Amino acid sequence: MFVLIVGCGRVGSAIATSMMEEGHEVSVLDEDAEAIALLDRGHENSWEERGGQFTEGTALEIDALLAAGIDRADAFVASTDGDNTNLVIAQVAKRRFEVERVVVRVLDPARARWYAEQGLQTVCPTQTAIELLEAAVRGQIRFEGVAG
Amino acid sequence: MYVVIVGAGKVGWNLARELINKRHEVTVIEADAHRYAVVEQELEHSAMYGDGSELWVLERSGIERADLVVAVTGDDEGNVLISQVAREKYGVARVVARCNNPRNLQHFELLGVRPAISATDLILRLIEHEVPKYGLVHLLDLPEERLEIIELEVGDGSPAAGRAVKDLGLPDGSLVISILREGGGFVPTGDSVIEPGDEVLVVLDVGIESRVTELFTARTAA
């Protein structure tokens, strides 16, 4: 499938790299041209040599989303560092470009919950951390090394 | 009427003041601590500190009983989402949002946020709907930039009629930015000739308005 990832920080770049390794076609959009370094890190060949696409541009600009291939995306990941940006572009991907699978990172648990009720697939790292930490405090689970 | 305003910038603050003067109940939410401190000195308990994008902040402002929510932060994504939750989650009957960048208007429309107001859009609407009765309409004042934009109607006897823009003798600090003619408009060059019946938009430095208007006003009428 063709995966478009908007926001190439730790999260976005890690998803992009794994999807590429699984054999998917991956396009990444970020407003910072330097962000591509995260995709090259730990690899001998650059992201583009490995077949990846990288577009520098602002997520809210339709032209940038089109250049990154949103009109043929099967999956869309909104993983910029801003909840507001993520929530707007995820809805643009879903409603305007009718991308079949849209996932969006939302740090604020309350908004993650409400938008999930409206039909968006929200992932809330804050809520996940709260639940895991609470379970660990109660002794219900025990982590060896890094959890998750 | 109870009004929640998100964003205490120039627009939000002035709007809050006007509405309070008209005896409405107002809460204005501001996310910047410094700005909040300034605004709170005047508006006191009507000012509230917090990020209006966060649901708990909106809830603490009493959004559920608001008759009107106005989202006028400098952040378009914030404005569109605040409007969306105001209407869809909290059932607010009237929502007005500011769109800072007209290119983002399409996102407001996509998410059903109406009316979204952009300054550009507003000027266009004034041009389309408010036929100037006095030959001159003050469209926009930009006091910080020390500029204003005025609209002038070119009457039959106007000394400007039949002249090219470059021959008008416009004072320094003024510029014709568009000519509206027969329902359309265009950005003129120095060679564009002004015709009777035109409406001309001029941007100018504060204080030279009379020197500009006299170039367009028929002497007999003056």
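Here are the numbers:
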| read-out | value |
| --- | --- |
| Subset of segment A:112-131 (residues that are exposed (fewer than 15 other Cβ atoms within 10 Å of the Cβ) and among the hydrophobic types (A, V, I, L, M, F, W, C)) | A:ALA129, A:ILE130 |
| Among (1) within 14 Å of chain B (Cβ to nearest Cβ); (2) farther than 17 Å from B:ILE82 by Cβ; (3) not basic (Lys, Arg) - the single one A:GLN91 does not satisfy | (2) |
| Residue list for segment A:24-43, restricted to those being buried (at least 18 other Cβ atoms within 10 Å of the Cβ), farther than 16 Å from A:THR80 by Cα and touching a strand residue (DSSP E or B) at 6+ places or on another chain (Cβ under 7 Å) | A:VAL26 |
| Test: residue in segment B:11-29 that is at positive phi, modelled with pLDDT under 95, not aliphatic (A, V, I, L, M) and not in a helix (DSSP H, G or I) | yes |
| Conditions (1) on the phi > 0 side of the Ramachandran plot; (2) in contact (Cβ under 8 Å) with a residue 12 or more places away in the chain: number failed by B:GLU44 | (2) |
| Segment A:94-108, subset more than 9 Å from chain B (Cβ to nearest Cβ) and part of a loop (DSSP other than H, G, I, E, B), residue surrounded by the most Cβ atoms within 10 Å (Cβ to Cβ) | A:VAL106 |
| Condition met for B:ALA86 (touching a helix residue (DSSP H, G or I) at 6+ places or on another chain (Cβ under 9 Å), at pLDDT 85 or above, surrounded by 17 or more Cβ atoms within 10 Å (Cβ to Cβ) and assigned to a strand (DSSP E or B)) | no |
| Selection from segment A:109-140 of residues that are within 14 Å of chain B (Cβ to nearest Cβ) and at positive phi | A:GLY119 |
| Considering residues of segment B:89-111 that are within 18 Å of the chain's Cα centre (by Cα) and in a helix (DSSP H, G or I) only, the residue farthest from A:GLU61 (Cα to Cα) | B:PHE108 |
| Given (1) surrounded by 16 or more Cβ atoms within 10 Å (Cβ to Cβ); (2) acidic (Asp, Glu); (3) over 26 Å from A:ASN86 (Cβ atoms), number of the condition B:GLU30 does not satisfy | (3) |
| Residue match in segment A:52-73 (condition: of a type in the set (D, E, K, R), modelled with pLDDT of 95 or more and either under 28 Å from A:THR128 (Cβ atoms) or within 15 Å of the chain's Cα centre (by Cα) (or both)) | no |
| Residue identified as in contact (Cβ under 8 Å) with a residue 40 or more places away in the chain, more than 10 Å from chain A (Cβ to nearest Cβ), at negative phi and surrounded by fewer than 20 Cβ atoms within 10 Å (Cβ to Cβ) among B:ARG94, B:ARG60, B:ARG98, B:ARG65 | B:ARG65 |
| Check on A:ALA116, in a helix (DSSP H, G or I) and in contact with a helix residue (DSSP H, G or I) (Cβ under 6 Å, 6 or more places away or on another chain) | no |
| Of the criteria (1) under 20 Å from B:LEU19 (Cβ atoms); (2) surrounded by 14 or more Cβ atoms within 10 Å (Cβ to Cβ); (3) within 13 Å of chain A (Cβ to nearest Cβ), which one B:ASP75 fails | (1) |
| Filtered residues of segment B:42-52 (kept if within 12 Å of another protein chain (Cβ to nearest Cβ) and more than 23 Å from the chain's Cα centre (by Cα)) | B:ASP51 |
| Single residue of segment B:100-137 satisfying the filter (at pLDDT 60 or above, out of contact with any Asp or Glu (no Cβ under 9 Å at 6 or more places or on another chain) and hydrophobic (A, V, I, L, M, F, W, C)) that is farthest from B:SER158 (Cα to Cα) | B:LEU111 |
| Of all residues in segment A:120-148 being in contact (Cβ under 8 Å) with a residue 12 or more places away in the chain and assigned to a loop (DSSP other than H, G, I, E, B), the one that is farthest from the chain's Cα centre (by Cα) | A:ALA147 |
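The values are calculated or read from the model by the stated rules, or taken from the named source; none is laboratory data. Since the structure is predicted, the reported quantities are computational estimates derived from the model, not experimental observations. Using ideal geometry, Cβ is built from the backbone for each residue, glycine included, and neighbour counts are taken over all protein chains shown.
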